[in-house]
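I have placed the structure first, in the form of structure tokens, so that the comments after it can refer back to it.
The values are calculated or read from the model by the stated rules, or taken from the named source; none is laboratory data. Keep in mind the model is a prediction, meaning the values are calculated, not measured. Cβ sites come from the backbone with ideal geometry, for glycine too, and all protein chains shown count toward neighbours. All accessible areas refer to the heavy atoms of the entire protein, side chains included, with ligands and DNA or RNA removed. Shrake-Rupley method; radii C 1.70, N 1.55, O 1.52, S 1.80 Å.
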Amino acid sequence: ADYTTVIKTRPAAPAGYFNRGLALISLPKPDAKGAIADFSKVIELNPKPTPKQDLVLESFDKRAYCNILLAQWPAAVADCSEVLKRVANRSDALVNRAFAYESMTPPDADKAIADYTSALPLVTDAAAKVDIHLNRASLYLTQKKYEPAIADLSEGIKANPNNSDALQARAAALCR
């Protein structure tokens with residue numbers, strides 16, 4: 001409500017839309033459609049980046065997240081691609097775009113694998129690295145590329161030796 005009041009008083013100020021968009025996706029039941037409208041308005045207003053923040057870049061990033069929540073895969077890919085045009089080594093955009101490629105019907109496994117591969121050296125969180133290895137392994141398995149799948153599954157198992165899904169997938173791949 002406060003951000004809506006800010007927007008009514010200053011409709012040309014992008015920060016109100018951006019912050020309301022953040023609030024909408026932070027709700028217990030996120031309002032992704034409403035947030036997309038707010039982030040789109042920030043992009044339309046096209047504010048110049050400040051030393052603290054680039055609202056346009058962040059709006060593309062947050063809008064991509066909203067499109068993922070709504071399973072709007074092509075829109076998510078487009079927004080992530082826009083982020084990556086501006087900051088080529090942004091790991092979250094690479095992972096989100098990979099997930100969107102992977103989720104499309106039909107999936108674009110090659111592009112998803114390429115994005116996961118590009119993201120791996122940029123990611124510092126150990127759990128996130130494991131997720132990338134396991135997601136990429138799943139894509140390799142769909143392509144019947146067993147050696148790279150086994151390597152990725154082994155990385156996942158090294159991090160979590162009790163991951164029964166990874167153990168089962170690796171055993172099946174080793175039997176092929």
### Query
When you go through TYR116, TYR101, TYR65 one by one, which is the residue that is touching a His at 6+ places or on another chain (Cβ under 9 Å) and under 23 Å from VAL130 (Cβ atoms)?
TYR116
### Query
Conditions: (1) among the aliphatic types (A, V, I, L, M); (2) over 19 Å from ALA32 (Cα atoms); (3) under 9 Å from the mean Cα position of the chain (by Cα). ALA76 meets all but one. Number of the miss?
(2)
## Note on the structure
Residues of the stretch 7-49 being open to solvent by 60 Å² or more (accessible area, probe 1.4 Å), more than 24 Å from the chain's Cα centre (by Cα) and of a type outside the set (Lys, Arg), in sequence order, are THR9, PRO11, ALA12
### Task
Might you let me know whether the stretch 158-166 holds any residue that is modelled with pLDDT under 95, surrounded by 20 or more Cβ atoms within 10 Å (Cβ to Cβ) and either in a helix (DSSP H, G or I) or of a type in the set (Val, Ile, Thr) (or both)?
yes
### Task
With the checklist (1) in a loop (DSSP other than H, G, I, E, B); (2) within 30 Å of SER138 (Cβ to Cβ); (3) of a type outside the set (Ser, Thr, Tyr) in hand, flag the one item GLN53 doesn't pass.
(2)
### Summary
Across (1) open to solvent by less than 20 Å² (accessible area, probe 1.4 Å); (2) out of contact with any Ser or Thr (no Cβ under 9 Å at 6 or more places or on another chain), GLU147 clears everything bar (1)
### Query
Which condition does PRO30 not pass, out of (1) in a helix (DSSP H, G or I); (2) in contact with a helix residue (DSSP H, G or I) (Cβ under 7 Å, 6 or more places away or on another chain); (3) within 21 Å of VAL95 (Cβ to Cβ), if it passes all the others?
(1)
## Note on the structure
Heads up, the helices (runs of 4 or more DSSP H) in the stretch 61-123 (entirely inside) with at least 3 residues that are of a type outside the set (Phe, Trp, Tyr), open to solvent by 50 Å² or more (accessible area, probe 1.4 Å) and closer than 24 Å to TYR140 by Cβ are 109-119
